[in-house]
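Trainee: The following block contains the structure, expressed as structure tokens.
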Amino acid sequence: MSTRFTEPAKTSPSGFSAEAKKHLGQNFLHDTTVIAKIVQALDPKPGDVIVEIGPGQGALTFPLLRRHGELTAIEFDRDLHAPLQAAAREHGTLHLVQGDVLGVDFSALAAELAGTGGQIRLVGNLPYNLSSPILFHALDHAAAVRDMHFMLQKEVVERMAAGPGSKVYGRLSVMLQAYCTVTPLFIVPPGAFRPAPKVESAVVRLVPRPAAEVEVGDRRDFANVVRAAFGQRRKTLRNALHGVADSALMEAAGVRPDARAEQVEVAAFVRLANLLGGG
Ligand code: SAM
């Protein structure tokens with residue numbers, strides 16, 4: 001068993017864990033220009049309910065508190081809680097939730113913090129090992145989320161925003177773009193973090209489309225079609241979707257059976273999934 005999980009955290013004079021925990025994706029931001037750009041991109045307005053994922057040692061949390069006065073943050077690392085809560089006091093009101101963000105029901109949290117029908121704004125320098133699960137989790141609660149501003153690996157942001165014909169257009173691009181507008185904002189070099197990650201990072205804005213504008217009928221049918229299509233991205237759709245959708249259905253959806261998934265636009269996947277469900 002790794003001792004990393006059992007050793008008590010060393011604490012710095014500020015009370016924070018001195019060592020970043022790699023298994024929790026802890027790369028702490030220290031570049032004040034980058035931090036200011038994230039706060040500016042989020043641009044909190046009075047009444048906004050802001051929820052930060054992974055506040056860490058407060059790099060984003062404290063500037064946001066100074067600007068907005070109050071926020072909720074979800075942090076998995078128990079060792080960070082007491083020092084974070086103590087240090088936050090001089091900046092504003094921090095509501096700290098201890099736990100795994102993937103277990104947090106954003107719809108219930110939005111109802112609790114913003115009232116029935118209310119929405120939260122998500123922000124975070126995400127643990128990179130959990131980027132995709134966190135994005136998909138947020139999509140499951142899209143109606144409760146007004147927008148998201150996330151720091152991710154640059155390569156992930158490129159995949160999120162890619163269009164048909166791009167080598168990096170894939171399942172993540174189609175799934176996110178069907179439900180959200182995806183806007184890459186700026187690139188962040190490894191030196192902005194301690195410890196520095198091996199890769200470049202980027203900040204991205206996601207804005208869930210209003211429910212009335214989302215054309216996906218059955219979310220599960222849609223997810224299944226997209227997963228199958230990109231599961232074998234080198235194959236034609238006729239082969240990749242064998243047993244899922246036949247050629248006649250593809251043609252009815254305006255999708256060429258001899259095309260490959262990476263050539264098919266998001267709206268065409270939506271039409272195909274909707275026809276599958278008989279919609
Ligand atoms: N926001 C801080 C910053 O920018 O310096 C920390 C960012 S660090 C990349 C990611 C943070 O997410 C860490 O504080 C880590 O402990 C936390 N984290 C990791 N897995 C988590 C999970 N499943 N749920 C909530 N927080 C998590």
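The values are calculated or read from the model by the stated rules, or taken from the named source; none is laboratory data. Nothing here was measured: the structure is a model prediction, and the numbers come from that model. Virtual Cβ from ideal backbone geometry, glycine too; neighbours counted across all protein chains shown.
Trainee: Of the residues Ala196, Ala202, only one is touching a residue at least 24 places away in the same chain (Cβ under 8 Å), touching a helix residue (DSSP H, G or I) at 6+ places or on another chain (Cβ under 8 Å) and not in a loop (DSSP other than H, G, I, E, B); which?
Mentor: Ala202
Trainee: While we're looking at this one, here's another question. Any chance segment 252-269 includes a residue that's without any contact (Cβ under 8 Å) to a residue 12 or more places away in the chain and surrounded by fewer than 17 Cβ atoms within 10 Å (Cβ to Cβ)?
Mentor: No, segment 252-269 contains no residue that is without any contact (Cβ under 8 Å) to a residue 12 or more places away in the chain and surrounded by fewer than 17 Cβ atoms within 10 Å (Cβ to Cβ).
Trainee: Considering only segment 251-279, state which residues are under 28 Å from the mean Cα position of the chain (by Cα) and of a type in the set (Lys, Arg).
Mentor: Listed by number, the residues that qualify are Arg260, Arg271.
Trainee: Pairs, please: C-beta under 6 Å, at least 6 apart or cross-chain, first residue farther than 22 Å from Phe136 by Cα and in segment 223-247, second assigned to a loop (DSSP other than H, G, I, E, B) and modelled with pLDDT of 90 or more?
Mentor: Thr236/Asp258; Leu237/Pro257; Leu237/Ala259; Arg238/Pro257; Ser247/Pro257
Trainee: Still on this structure, please answer the following. Taking Ser132, is it within 13 Å of the chain's Cα centre (by Cα), in a helix (DSSP H, G or I) and of a type in the set (Gly, Ala, Ser)?
Mentor: Yes: the conditions hold for Ser132.
Trainee: Consider Glu112 carefully, then state whether it is part of a loop (DSSP other than H, G, I, E, B) and either more than 15 Å from the ligand (Cβ to nearest atom) or not small (Gly, Ala, Ser) (or both).
Mentor: Taking the combined requirement at face value, the residue does not satisfy it.
Trainee: Would a scan of segment 63-70 turn up a residue that is within 15 Å of the ligand (Cβ to nearest atom), modelled with pLDDT of 95 or more and more than 22 Å from Ala36 (Cβ to Cβ)?
Mentor: Scanning segment 63-70, I find no residue that is within 15 Å of the ligand (Cβ to nearest atom), modelled with pLDDT of 95 or more and more than 22 Å from Ala36 (Cβ to Cβ), so the answer is no.
Trainee: Please enumerate the residues belonging to segment 122-150 that are within 10 Å of the ligand (Cβ to nearest atom) and hydrophobic (A, V, I, L, M, F, W, C).
Mentor: Val123, Leu126, Leu130, Ile134
Trainee: If you don't mind, another one. When residues of segment 149-170 are filtered for being over 22 Å from Gly124 (Cα atoms) and surrounded by fewer than 18 Cβ atoms within 10 Å (Cβ to Cβ), how many remain?
Mentor: Number of matching residues: 6.
Trainee: Is segment 42-59 home to any residue that is assigned to a helix (DSSP H, G or I) and either surrounded by 12 or more Cβ atoms within 10 Å (Cβ to Cβ) or modelled with pLDDT of 95 or more (or both)?
Mentor: Scanning segment 42-59, I find at least one residue that is assigned to a helix (DSSP H, G or I) and either surrounded by 12 or more Cβ atoms within 10 Å (Cβ to Cβ) or modelled with pLDDT of 95 or more (or both), so the answer is yes.
Trainee: Let me ask something additional. Which one is surrounded by the fewest Cβ atoms within 10 Å (Cβ to Cβ), of the residues in segment 24-35 that are without any contact (Cβ under 8 Å) to a residue 40 or more places away in the chain and within 13 Å of the ligand (Cβ to nearest atom)?
Mentor: Of everything passing the filter in segment 24-35, Thr32 is surrounded by the fewest Cβ atoms within 10 Å (Cβ to Cβ).
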